[in-house]
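To keep things clear, I will list the structure first and then write my remarks on it.
The values are calculated or read from the model by the stated rules, or taken from the named source; none is laboratory data. Every value quoted in this text rests on a predicted model; they were computed, and no experiment measured them. Reconstructed Cβ throughout: ideal geometry from the backbone, glycine too, with neighbour counts over all protein chains shown. Accessible surface is based on the protein model in full, side chains and every heavy atom, while ligands, DNA and RNA are left aside. Shrake-Rupley method; radii C 1.70, N 1.55, O 1.52, S 1.80 Å.
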There are 8 protein chains.
Amino acid sequence: MELIVYLAGQIHDDWREKLRQSAEQRGLPIIFKGPQEDHDRSDDIGEVIKGKQPNAVFRDQAASEFNNLRTRIWMQKADVVIALFGEKYRQWNTAMDASIALAMGKPLILVRPESLHHPLKELAQRAQVVVETPEQALDALAYVLE
Amino acid sequence: MELIVYLAGQIHDDWREKLRQSAEQRGLPIIFKGPQEDHDRSDDIGEVIKGKQPNAVFRDQAASEFNNLRTRIWMQKADVVIALFGEKYRQWNTAMDASIALAMGKPLILVRPESLHHPLKELAQRAQVVVETPEQALDALAYVLE
Amino acid sequence: MELIVYLAGQIHDDWREKLRQSAEQRGLPIIFKGPQEDHDRSDDIGEVIKGKQPNAVFRDQAASEFNNLRTRIWMQKADVVIALFGEKYRQWNTAMDASIALAMGKPLILVRPESLHHPLKELAQRAQVVVETPEQALDALAYVLE
Amino acid sequence: MELIVYLAGQIHDDWREKLRQSAEQRGLPIIFKGPQEDHDRSDDIGEVIKGKQPNAVFRDQAASEFNNLRTRIWMQKADVVIALFGEKYRQWNTAMDASIALAMGKPLILVRPESLHHPLKELAQRAQVVVETPEQALDALAYVLE
Amino acid sequence: MELIVYLAGQIHDDWREKLRQSAEQRGLPIIFKGPQEDHDRSDDIGEVIKGKQPNAVFRDQAASEFNNLRTRIWMQKADVVIALFGEKYRQWNTAMDASIALAMGKPLILVRPESLHHPLKELAQRAQVVVETPEQALDALAYVLE
Amino acid sequence: MELIVYLAGQIHDDWREKLRQSAEQRGLPIIFKGPQEDHDRSDDIGEVIKGKQPNAVFRDQAASEFNNLRTRIWMQKADVVIALFGEKYRQWNTAMDASIALAMGKPLILVRPESLHHPLKELAQRAQVVVETPEQALDALAYVLE
Amino acid sequence: MELIVYLAGQIHDDWREKLRQSAEQRGLPIIFKGPQEDHDRSDDIGEVIKGKQPNAVFRDQAASEFNNLRTRIWMQKADVVIALFGEKYRQWNTAMDASIALAMGKPLILVRPESLHHPLKELAQRAQVVVETPEQALDALAYVLE
Amino acid sequence: MELIVYLAGQIHDDWREKLRQSAEQRGLPIIFKGPQEDHDRSDDIGEVIKGKQPNAVFRDQAASEFNNLRTRIWMQKADVVIALFGEKYRQWNTAMDASIALAMGKPLILVRPESLHHPLKELAQRAQVVVETPEQALDALAYVLE
């Protein structure tokens, strides 16, 4: 039986791709879904589809319609959500996705460096699993699939 | 008919107290609830109740049990959630509270300076109302109560 | 035991006020809630609270944040929703409020002149009760309260 | 992974067929469902199955049983709902379907000409995405499927 | 703390009134709600409010709109549902009310003479409590309130 | 896309088999599920699995555990429920299954001879579709699948 | 604002009474509810209300109808559930009540001696708060009420 | 149509394997899922993935994160839950899994020796089916699949 896993987190490096490759090498039957990983496309998509907006705030708002649509559709289909936090960026989207996953009853695997334990303590306490690297999150899924 | 309003956001200044006073001056029948506003007590509460923990991570984890208990109880009773973001702090708790409110079907009033429009665009697009100051959030509630 | 009733429908005449008076004369323990009945205020509220918007579309969008906030809060508290349709206006808000009531499991009393039976047939078939005048809706509530 | 999309809106022209063809040309894995598109059959179906009804109101009511059955079954299976509003017709069914989609937690793509922004402002504010043409709605789905 | 109890069952004798009196004598803080107990009024209410209907089927259908409205409103407020079955009448309304209570997660006390154990076995197996007389149902509530 | 249909109703004649054959002849992609149709087996199953019970009431109770298990599993998978009532038998199970379907949000097609319109008026008013023969119920599904 | 707290756990000593007194001394606005604390009455209640049962199994089954009714009614009204485990007794009821509280979304405070950490580790991991004495559970509630 | 069955219960002997073999011999289309059956691995998994923990309590807590993740994922996919209790062990996990299944609306088959009827009476009363051996649980599923 396949698992569908939504990968919430920043889109500034290729951590999702590495995770996909690792899962494949380990032979895990997992389908990964996630946000648009092309950062510029994610910011532009509102004006690409809806046309020029009056200013930067409205441009962002337009983009977020499409990014949220994408997140909602895939998260509703997901069996598990992995949320990755790192030292850089504010990552409020990650916090939002993680929290919505919790509130929808989706099991949440929180990945964060130990250095972030203080600001993330309340979220960590609500997560199903807390680990420090994406590979450990994959270990958790491998354990579920044993 | 009274409204119960949960005030999510940082606990480093007295914005909640100001809001309470303003509501009172305007004669609005609102009961405000929120997290523990004494920051040190919020960090210490785990060890105060459960005793000394093995290290800082577990100390945080213990504190978060009680802080999350508080948030859950009052948020479940709330008619509306106001979430305030500012320039300082990572505020992942605020993002978590705001998102859980959304996922529980509670109407969310997002308060953020315009300068934060980009990192908060996805959350803003899901909120019921987006304004820039707590007083505007109160204007919204006053309008509901007219 | 009091009933809370949400009055969805156009805000261009005083049908809600008449209903309130009639309920009072009949001694029915009903608390009525509804949208902002001052039409100009309902259209202006976005700019009143959030300030001048870039154009008419965004002005409307801003107003609707506050009008929807109001509707959501009161509809969640309502025991019953009455939705009044008339010959004039497109009344998509009324259709929206009526449908959301249905989907939330709130009993819906649909009030429409017989002349509208064709365009409203699918909504009528889903409503709990279909009558032709607000006074008949009140008769229904009086029957419930007998 | 395929998406199931429910197409709410008027049944007086062939916009659904055009959308189906466009999706096929773009190679999008989408299954479209929607109401009965043969308008006469949609109006007649009550008497076709249940036999002659006492008058036009009951004839409409009988038809709506079957039209609502169809809508409910397919909308429950849908991942996304697209609701198209145009200048013509009252389209209360469209407003009803759109609102029920919202209340069921289905992501809603609202399609409406800019000229309708005022009467649809409250519905627009609740939709996940608001665009002006069906092709833009397809752009949104293509973005989700990237 | 008061309990609200919905009394489903036939409306051909005064079993509800006896139960009310017994609860009062025992000093139990219970508010009883139920269907319209005046049988003729229950059958007539559709035409009383909506006017003459085309035939007996539509007359019944009109009455049931108001009877169902009443049931839904009070059952949603109830903490417990008592459903009484007896030897006489088909009592499909009772079976419907009992089953809807079960499906809404309301605790159900089924009251039936032992002679009916066979036709009611599946409903009995789903009920929270099965007894043979209304007074035993009251014993159960008294036990809850101890 | 296939539909799963649960067939609630008496198990004393072969109406389900006829419906299955008719659906096959019409080429409708429908999977039918339902209760145990062998009446003796349905009554005996408790003692067959659990062994001899103390008396007839407990024998019935034991059987109903397994019959309810079966109903719950298949009804949860169903897209639509058809409930057939006839002149004979008390059919409280049918009323229970129909009502639970309603409360679970499953569309319900009620089949009953016109002669039963009075005792079934409240259930009819809540059903999605009311017809008089199983074949008409199949017409309704065929319309959905057009 | 008062909190309603359900006290799950064994009924062999007076820990509930001590907790009530302590809450009163500390001036905490808490209403405590729980199971029947008279152990014999809890075991006898089935036969007291329903009469002599065929054997011990059915006697237990009868008693559990009334005990479960009580638990369900009060747990549905509770804001928080406290579940106390001790060294003695199997306490499956406590585990059941705690788990149902979790699944209903009620915040759970688990009280257990450290010696039980191994067999209760999965339950502990799901609880909102884990402490070792009832007084600590009260500390948690006092913190919420600050 | 296949059924997915979650097997809750102790992991100290091979009862699950026997059930799998029996289902296969009987040709039943059932997919079984369950907890990690290698007891040592179940206890170690926290430290295997997260590394050495400060003490035994935290070691257990770490393990339970992964065991609970596994249970949640498979239980959400299950159509039925079988929970086996025996004379040995405290089996609070079994009680927890059984209760969560109940609260999630999953049909529960409780398997317990008659000797345990007293401590399990409340859980038994809530289960869909109560039997004494795993093979009887399989009989129940075979009956559903007839």
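Some points to look at:
- D (Stokes-Einstein, µm²/s), Kirkwood Cα radius, segment G:74-146, 1.002 mPa s at 20 °C: 173 µm²/s
- Estimated Rh, segment E:28-76: Kirkwood, alpha-carbon pairs, angstrom: 11.6 Å
- Most to least packed among F:63-76, G:55-68, A:15-28 [average Cβ atoms within 10 Å]: F:63-76, G:55-68, A:15-28
- Computed about the Cα centre, the dipole magnitude for the protein assembly as shown is approximately 0 debye when only Lys and Arg (+1) and Asp and Glu (-1) carry charge, each at its Cβ.
- Rg and Dmax of segment A:1-64, based on Cα coordinates, read 15.7, 49 Å.
- Take the Cβ atoms of B:Gln25 and C:Lys77, set R0 to 22 Å, and the FRET efficiency comes out at 0.30.
- The G:Thr133 and H:Asn55 beta-carbon pair, evaluated with R₀ = 22 Å, returns a calculated FRET efficiency of approximately 0.65.
- Global geometry of segment B:67-113, whether rounded, prolate or oblate, following the gyration tensor of its Cα atoms and the 1.5 cut on a/c: oblate
- Euclidean distance between Cα centres, segment B:61-87 to segment G:1-52, Å: 29 Å
- Each peptide in B:37-48, G:98-109 receives the mean, over its residues, of other Cβ atoms within 10 Å, and ordering these scores from highest gives G:98-109, B:37-48.
- Entries of A:Lys77/B:Lys33; E:Lys50/F:Lys106; B:Lys88/C:Lys50; F:Lys50/G:Lys88; D:Lys50/E:Lys77 with Cα pairs more than 25 Å apart: A:Lys77/B:Lys33; E:Lys50/F:Lys106; F:Lys50/G:Lys88; D:Lys50/E:Lys77
- Viscosity 0.692 mPa s, temperature 37 °C, Stokes-Einstein D of the protein assembly as shown from Kirkwood C-alpha radius, µm²/s: 105 µm²/s
- Placing a label point 7 Å from the Cα of F:Glu47 along the Cα-to-Cβ direction, the residues of segment F:54-82 with a backbone N closer than 12 Å are F:54-63.
- Computed E for A:Glu146/G:Glu114 - FRET, C-beta separation, R0 30 angstrom, nearest 0.05: 0.50
- Rounded accessible area per residue of chain B, 1.4 Å, Å²: 35 Å²
- In this entry, chain D is assigned a mean projected area of 9.1 nm², taken as a quarter of its C-alpha convex hull surface.
- Counted as membrane-span-like here are DSSP H helices of chain G whose alpha-carbon atoms extend 27 Å or more along the helix's own axis and whose Kyte-Doolittle mean is -1.0 or above; these are G:56-77.
- Interface area, A with B, accessible, probe 1.4 Å, both sides summed, Å² nearest 100: 3400 Å²
- Here segment D:18-76 has 43 percent of its accessible surface on carbon and sulfur atoms, given a 1.4 Å probe and all protein chains in place.
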